[in-house]
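Undergrad: There's a structure below that I have some questions on.
The values are calculated or read from the model by the stated rules, or taken from the named source; none is laboratory data. Computed from a predicted model, the values in this text were never measured in an experiment. No Cβ is skipped: glycine too gets one built from the backbone with ideal geometry, and neighbour counts run over all protein chains shown. Surface accessibility is based on the protein's heavy atoms, side chains included, excluding ligands, DNA and RNA. Shrake-Rupley method; radii C 1.70, N 1.55, O 1.52, S 1.80 Å.
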Amino acid sequence: AQTVTQSQPEMSVQEAETVTLSCTYDTSESDYYLFWYKQPPSRQMILVIRQEAYKQQNATENRFSVNFQKAAKSFSLKISDSQLGDAAMYFCPVAGSARQLTFGSGTQLTVLP
Amino acid sequence: DTAVSQTPKYLVTQMGNDKSIKCEQNLGHDTMYWYKQDSKKFLKIMFSYNNKELIINETVPNRFSPKSPDKAHLNLHINSLELGDSAVYFCASSLQGTDTEAFFGQGTRLTVV
């Protein structure tokens, strides 16, 4: 069984500033994957970044990077140089061997001009 | 070309009706999923299916049934619709056994009146 907790229902950031979204998880599996997806008002689920649990190096993707703390089961997302287009609901699901995604409740990010 | 497509995007129907949502993927993936997103934006797995195995979330009522005519399609049938079935339903696909992410359709907003 897997659980994901996103303790920040809402966050806001000024354009061009940096924001960090928190995520903690629990899983009994040794092989799992972590993702950050964004869901803008269009409803489309868009992959932002992914992290393999067996990799110690934190994933980065342009302005997006993660801080993966395996022992603490923490997987936060840092968005640098925030843009208006980053405004969305952010989810950090975890996938185990069955590859089904277990989601948290999401964090609604507002970007202020 | 749309990778994962669902039809219809919006569906309004009366209680007690039977309805279907279609999903097609052109990514060559071997596993498809249905997720339900409730009014609080919480996403939960309903089914995952490949040509070998159907995994059903035990909380899903048996009024919901997935039907897969071939590897590229996974349709969702819902019998005797209830008010509580109102939600956004997402189809997704991925490659089983790899670390690739799930690709999502654009969602179907089902409203039961």
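Undergrad: Please sort by residue number the trypsin sites (Lys or Arg not before Pro) in the stretch B:35-88 whose DSSP state is loop and whose Cβ has at most 11 other Cβ atoms within 10 Å. Let's see the in-between values first.
TA: Values: sites: B:Lys36, B:Lys40, B:Lys41, B:Lys44, B:Lys52, B:Arg63, B:Lys67, B:Lys71; in loops: B:Lys40, B:Lys41, B:Lys52, B:Arg63, B:Lys71.
Sites meeting the loop and neighbour criteria: B:Lys40, B:Lys52.
Undergrad: Follow-up question, since we're still on this one. May I ask you to compute the full-extension gain from A:Ser97 to A:Thr3, defined as 0.36 nm times their residue separation minus their alpha-carbon distance, rounded to one decimal in nm?
TA: Values: separation 94, 0.36 × 94 = 33.84 nm, distance 1.46 nm.
32.4 nm is the gain from fully extending A:Ser97 to A:Thr3.
Undergrad: Going by accessible area, probe 1.4 Å, with all protein chains left in place, what is the ranking of B:His77, B:His29, largest first?
TA: From most accessible down to least: B:His77, B:His29.
Undergrad: Show which lysines lie in cross-link reach of B:Lys22 when reach means a straight Cα distance below 25 angstrom and same-chain residues fewer than eight apart are skipped.
TA: A:Lys38, B:Lys9, B:Lys36, B:Lys40, B:Lys41, B:Lys44, B:Lys52, B:Lys67, B:Lys71
Undergrad: Also, I was wondering about something else. Take the alpha carbon atoms of the stretch A:2-108, find their radius of gyration, then divide it by 2.2 N^0.38 Å using N residues; give the quotient.
TA: On the way: Rg = 13.1 Å, N = 107, 2.2 N^0.38 = 13.0 Å.
The reported ratio for this selection is 1.01.
Undergrad: In whole percent, what relative contact order does chain B give with Cα contacts below 8 Å and a gap of six or more residues? Could you put the intermediate results ahead of the total?
TA: Values: 266 pairs, mean separation 43.1, N = 113.
This gives 38 percent for chain B.
Undergrad: Within a Cβ distance under 11 Å of B:Tyr49, other residues only, what is the Lys/Arg minus Asp/Glu net charge? It would help to have the intermediate numbers written out before the result.
TA: Working: positive: B:Lys52, B:Lys67, B:Lys71; negative: B:Asp30, B:Glu53.
So the environment of B:Tyr49 carries a net charge of +1.
Undergrad: Mind checking the stretch A:1-107 for trypsin sites (Lys or Arg not before Pro) that DSSP puts in a loop (not H, G, I, E or B) and that have at most 14 other Cβ atoms within 10 Å? Spell out each step's value before the answer.
TA: Working: sites: A:Lys38, A:Arg43, A:Arg50, A:Lys55, A:Arg63, A:Lys70, A:Lys73, A:Lys78, A:Arg99; in loops: A:Arg43, A:Lys55, A:Arg63, A:Lys70, A:Lys73, A:Arg99.
Within the stretch A:1-107, the qualifying trypsin sites (Lys or Arg not before Pro) (loop, at most 14 other Cβ atoms within 10 Å) are A:Lys55, A:Arg63, A:Lys70.
Undergrad: Another one. Give the Cα extents of the stretch A:1-59 along the principal axes, in whole Å, largest first.
TA: In descending order, the Cα extents are 38, 25, 22 Å.
Undergrad: What's the longest bit of chain A with no exposed GluC sites (Glu not before Pro), using DSSP loop states and at most 14 other Cβ atoms within 10 Å as the test?
TA: Details: sites that count: A:Glu15, A:Glu17, A:Glu29.
Result for the longest clean stretch: A:30-113.
Undergrad: While we're on this one: If only Cα atoms are counted, what is the Rg of the stretch B:4-112, and what is its Dmax, in Å?
TA: When restricted to Cα atoms, the stretch B:4-112 yields Rg and Dmax of 13.1, 41 Å.
Undergrad: Hey, another quick one. Local charge sum around A:Pro113 (other residues, Cβ-Cβ under 13 Å, Lys/Arg +1, Asp/Glu -1)? Show your work: numbers first, answer last.
TA: On the way: positive: none; negative: A:Glu15, A:Glu17, A:Asp86.
Summing Lys/Arg as +1 and Asp/Glu as -1 gives -3.
Undergrad: With a 1.4 Å probe and all protein chains kept in place, how much accessible area does B:Ile56 have, in Å² rounded to the nearest 10?
TA: Looks like 90 Å² after rounding.
Undergrad: Semi-axes of the equivalent ellipsoid of the protein assembly as shown: what are they in whole Å, largest first, if each equals the square root of 5 times a C-alpha gyration tensor eigenvalue?
TA: Working: eigenvalues 175, 85, 49 Å².
Calculated on Cα positions only, the semi-axes equal 30, 21, 16 Å.
Undergrad: In whole percent, what relative contact order does chain A give with Cα contacts below 8 Å and a gap of six or more residues? It would help to have the intermediate numbers written out before the result.
TA: Numbers: 277 pairs, mean separation 42.7, N = 113.
Computed value for chain A: 38 percent relative contact order.
Undergrad: For the stretch B:18-105, which chymotrypsin sites (Phe, Trp or Tyr not before Pro) are in a loop by DSSP, counting at most 15 other Cβ atoms within 10 Å?
TA: Loop-located and lightly packed - B:Phe42.
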